[in-house]
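Chemist: Here it is, the structure in full.
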Amino acid sequence: MSNDTRLVYSTDPKLNQRCPKCKEVQSECVCQPEEEPKARKFIAVLRIEKSGRNGKTVSVIDQLPKNELFLRNLTTLLKKKCGSGGTYLMDGKEGVIEIQGDKREIIRAALQKEGIQSKG
């Protein structure tokens, strides 16, 4: 197919696959491919934040790979281990996980068990 045409109809199932993010046909998808989290070496940075949260303490895990599936699974694991709520963010160039409360020791042990280096 040339770049100036648009797929209208095809019986080939490979051409009809859609991108899960932008819902466009794979050949017309403009999404950036996500990097594999195990492909590059990274060190997760742990810190505590209170500012902007009405005095509530939040454990922040920063400098993680920006891969949504990896962040979602790791957030779920950490929330279960810590027994508290949390979320993941993909705003900047790195991924960030926030867990409610000061749970640094539990998070550090869980990351070590997953084979992820951490500091802080």
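Laboratory data are not the source of any read-out in this text; all were calculated from the coordinates shown. Quick caveat, the model's predicted, so the values are computed rather than measured. Cβ coordinates were reconstructed from backbone atoms using ideal geometry, including for glycine residues, and neighbour counts include every protein chain displayed.
Chemist: Where the second residue is in a loop (DSSP other than H, G, I, E, B) and aromatic (Phe, Trp, Tyr) and the first is touching a residue at least 12 places away in the same chain (Cβ under 8 Å) and lies in the stretch 91-118, which pairs have Cβ atoms under 8 Å and are six or more apart or on separate chains?
Modeler: As it stands, the answer is 116/42; 117/42, since those pairs meet every condition given.
Chemist: Would you check if there is a residue in the stretch 83-97 being touching a Gly at 6+ places or on another chain (Cβ under 6 Å) and not polar (S, T, N, Q)?
Modeler: No, every residue in the stretch 83-97 fails to be touching a Gly at 6+ places or on another chain (Cβ under 6 Å) and not polar (S, T, N, Q).
Chemist: If residue 59 passes every condition in (1) on the phi > 0 side of the Ramachandran plot; (2) not in a loop (DSSP other than H, G, I, E, B) but one, which one does it miss?
Modeler: It is condition (1) that residue 59 fails.
Chemist: Going through the stretch 74-115 one residue at a time, which ones are assigned to a loop (DSSP other than H, G, I, E, B) and out of contact with any Asp or Glu (no Cβ under 8 Å at 6 or more places or on another chain)?
Modeler: Correct list: 83, 84, 85, 91, 92, 93, 102, 103, 114, 115.
Chemist: Additional query: Could you run through the stretch 50-65 and say how many residues are more than 21 Å from residue 83 (Cα to Cα) and surrounded by 11 or more Cβ atoms within 10 Å (Cβ to Cβ)?
Modeler: The total comes to 3.
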